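> The structure follows.
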Amino acid sequence: MKKKLKEIDLYSPIKTFFTDLGYQVKGEINNCDIVVKRGKQTIIIELKLNLNITLLLQAISRFSLSDNVYIAIPKQCTLLKKNKIQIKVLLSRLGIGLILVDIQKTISYVEVVLDKSEYSPRKNLNIYFYDF
């Protein structure tokens with residue numbers, strides 16, 4: 001029988017990933033799921049089993065605490081599979097990083113697929129606005 005996945009199941013692989021990179025990792029600090037620190041750098045990570053507007057709003061609110069905000073979801077998230085490019089564009093525009101956790105492997109795998117960055121969209125120079 002398959003064990004029902006919980007948000008907490010994402011914590012351990014992420015903690016191991018960042019600890020191996022030399023960060024200190026703590027859970028549930030100031031209502032943040034994970035706070036990662038190294039020197040003066042602070043990263044806030046919000047965990048969810050599904051990508052939804054609640055998660056995005058939660059991540060945006062974390063910018064009052066840190067400039068480095070990430071969301072972490074299972075790699076198997078259905079919405080992500082269907083709309084990966086559009087989701088990456090949206091997160092880039094919002095300045096939110098994306099971490100995927102593959103929890104179906106024997107050993108969980110963590111991948112940072114989108115770093116927090118300043119987004120500047122490319123302009124489509126082939127579109128003209130003749131009505132102006």
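The values are calculated or read from the model by the stated rules, or taken from the named source; none is laboratory data. Please read all numbers here as calculations on a predicted model, not as lab measurements. Here Cβ is always computed from backbone atoms with ideal geometry, including for glycine, and neighbour counts include all displayed protein chains. Protein only, heavy atoms only, side chains kept; ligands, DNA and RNA dropped before computing areas. Shrake-Rupley method; radii C 1.70, N 1.55, O 1.52, S 1.80 Å.
> Consider the stretch 88-118. How many of its residues are open to solvent by less than 40 Å² (accessible area, probe 1.4 Å) and at pLDDT 85 or above? Lay out the reasoning, then the answer.
Of all residues in the stretch 88-118, those open to solvent by less than 40 Å² (accessible area, probe 1.4 Å) come to 91-92, 95-102, 110, 113-114.
Then keep just the ones that are at pLDDT 85 or above; that gives 91-92, 95-102.
Going through the stretch 88-118 one residue at a time, the tally reaches 10.
> Failed condition for L10, given (1) more than 12 Å from A72 (Cα to Cα); (2) surrounded by 16 or more Cβ atoms within 10 Å (Cβ to Cβ); (3) at pLDDT below 90, with all others met?
The number of the failed condition is (1).
> Considering only residues of the stretch 67-87 that are modelled with pLDDT of 90 or more and open to solvent by less than 20 Å² (accessible area, probe 1.4 Å), which is farthest from the chain's Cα centre (by Cα)?
Applying the filter and picking the extreme gives V69.
> Let me ask another. So, of the residues in the stretch 13-51 that are out of contact with any helix residue (DSSP H, G or I) (no Cβ under 7 Å at 6 or more places or on another chain) and of a type in the set (D, E, K, R), which turns out to be most open to solvent (accessible area, probe 1.4 Å)?
K40
> I need every pair where a residue in the stretch 80-97 that is in contact (Cβ under 8 Å) with a residue 60 or more places away in the chain has its Cβ under 7 Å from the Cβ of a residue that is in a helix (DSSP H, G or I) and surrounded by fewer than 14 Cβ atoms within 10 Å (Cβ to Cβ), sequence separation at least 6 or different chains.
Qualifying pairs under 7 Å: none.
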